[in-house]
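Please read the structure below before turning to the comments.
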């Protein structure tokens, strides 16, 4: 019996730097010649003549079961009617035609390393074999916990090729939050970046009955155990695993079955596992790719946004695969300042940033500009005025070039794009959270239009896009092959935004009730967002039904669990309202427990419970107003300690409360802060205390 071998060394991440001269031929344990990627593509095509790969039979549009298929929302003709394919087929298309083109570029030990598409594919097959060797069961999870890396990509795709469910886990998650995801997807294997992430899993391992192995892909293992593997050890596990067996698993994959889980928070309760099918991913990736660029091998991108988020995963892994692009990996401290260095090295052709990324770039550039000479400032102001005029003209289709634009472009704009590493960038986008007009106008003035995308994890990422056509403040037009309707529109045309298309997800794993809340009987996805269309069919987001906060960094924060957690830590608190929508961090409005009069109105007198709390702190006052006026040190300290205690248990850094303010009176129905059922009326409270909110974010 022969071990698997090749004409050239197997492409291992830490050693491979040059592409092989030709596709390697290998032999499996049964001495049967291993097929080249081109031969595999042919065999797959022959095997699945009906639809390339037959769909799993079903009539259901959605499900909450991991092993059930769904009916695809296929159109009879045009966009949306394309033949469904699996991720493996999408991958083979790239390898067959452009196998020697660079796929992944990264640094290892100070050395720049490149994997070609063929090497990338072979690495994913190797990972798939090792997953199967470790006992990965069909439709069970492989959780991936770490910063963007080739190993992250390879683990994700390898899991899918092996018939598992790939599940990204946010690196900022607590051990308890990691446990929830791993338990929910019944993870057989967890792939972690380093010792820090490993320690989180080891804390909860005893509570994960399905877990069989943990793989650490960066650094040596500080802890030794039979279930722990380094990345090199992991890849070697599957070397003798028969190709026949892996091929059989790959050939059993169906486009309308689940392959990926994206965990997203609802307004209350635990995160929901968004089930995405092969077709959700491949159809969306190919549709977006055709809109970006109909030609392959021209796109370069930088991977830095969290891959557990659908926006990064769709662009970095799947659209890159469809476009046969080249992905460069940023350093782990990318968002702390090193991103620009990677951008200068890679010189991407497209760049996606959440609003906070664009804001940080804006802040940095303004800080540099403030240090310039008076003459330099005058030149910059002159150039930006011309740039804003020109870019708005181009947006409106007028293409009127103002006098002096060519000079401004030569003196200012080209230099700025070069310093940012965006000199080759044809498309700059933002998504995942609302962005301010101020930031958009700033980049418009530099002749760098930043275009908005809109969608959800439940729509496989994008649903409306701004690419060739765009409007400031709009999230663009619906993608080809998809549909948007506005449910229950008001007199101004504002209604709940609903999605239809092959990008719409399968359902929430193990959550049938939540699934039917999101998807109606006709299969329309209800976003919870409110919007309207203009006369040119551009969509504008005008509100949100869901009680959810989206920070400037794109994090989706459910406020109720945080508010309840803070009130639990600080018994003197009556009401707490989390704020931070579009902001860099979370803050909170707090009220103290007080006596309520016969009409249900809050008085200035502390409740007996609050008085007792204060006495334990040696505070003798019984009036809310006196506490506020004195900023009673002992009480303010106790509140801060309670906030700190909550923050120590927060699911992630993004869900920590950074600032807070005590209000002069409690909330009530009569005061308008609470509804008839005592539900917090957030927009009303925000408007009432806008001045205090502004102060929290003013410095």
Problem - Selection within region 186-217 - without any contact (Cβ under 8 Å) to a residue 12 or more places away in the chain and either within 16 Å of residue 152 (Cβ to Cβ) or under 23 Å from the mean Cα position of the chain (by Cα) (or both) - result: 196
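Taking region 560-584 only, how many residues are under 19 Å from residue 685 (Cα atoms) and within 19 Å of the chain's Cα centre (by Cα)?
Selection size over region 560-584: 4.
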Fill in the blank from the handout: Picked from region 346-374 (must be touching a strand residue (DSSP E or B) at 6+ places or on another chain (Cβ under 7 Å) and part of a helix (DSSP H, G or I)), the residue surrounded by the fewest Cβ atoms within 10 Å (Cβ to Cβ) is 346
Completion exercise
Only one of 499, 505 is part of a loop (DSSP other than H, G, I, E, B), at pLDDT 95 or above, in contact with a strand residue (DSSP E or B) (Cβ under 6 Å, 6 or more places away or on another chain) and within 28 Å of residue 77 (Cβ to Cβ), namely 505
Handout entry: Subset of region 641-652 (residues that are in contact (Cβ under 8 Å) with a residue 40 or more places away in the chain, surrounded by fewer than 15 Cβ atoms within 10 Å (Cβ to Cβ) and outside any loop (DSSP other than H, G, I, E, B))
Key = 645
Handout entry: Single match in 531, 543, 473 (criterion: in contact (Cβ under 8 Å) with a residue 40 or more places away in the chain, in contact with a helix residue (DSSP H, G or I) (Cβ under 7 Å, 6 or more places away or on another chain) and within 30 Å of residue 656 (Cα to Cα))
Key = 473
Practice task
Looking only at region 613-639, count how many residues are in contact (Cβ under 8 Å) with a residue 24 or more places away in the chain and either more than 18 Å from residue 567 (Cβ to Cβ) or loosely packed, with under 12 Cβ neighbours inside 10 Å (or both).
Solution key: 2
Exercise for the section: Report yes if some residue within region 149-163 is within 13 Å of residue 191 (Cα to Cα), at pLDDT 95 or above and assigned to a loop (DSSP other than H, G, I, E, B); otherwise report no. Expected result: yes
Problem - Any hit, region 42-61, residues being touching a helix residue (DSSP H, G or I) at 6+ places or on another chain (Cβ under 7 Å), within 28 Å of residue 139 (Cβ to Cβ) and at pLDDT 95 or above - result: no
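Let's see how each residue does on (1) under 26 Å from the mean Cα position of the chain (by Cα); (2) more than 19 Å from residue 238 (Cα to Cα); (3) surrounded by fewer than 17 Cβ atoms within 10 Å (Cβ to Cβ); (4) assigned by TED's automatic domain parsing to the domain that holds residue 150:
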residue	(1), (2), (3), (4)
72	yes, yes, no, no
77	no, yes, yes, no
90	yes, yes, no, yes
95	no, yes, no, yes
99	no, yes, no, yes
105	yes, yes, no, yes
122	no, no, no, yes
128	yes, no, no, yes
137	no, no, yes, yes
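The values are calculated or read from the model by the stated rules, or taken from the named source; none is laboratory data. Source: prediction; values computed, not measured. So basically every Cβ, Gly included, is an ideal-geometry build from the backbone, and we count neighbours across all protein chains shown.
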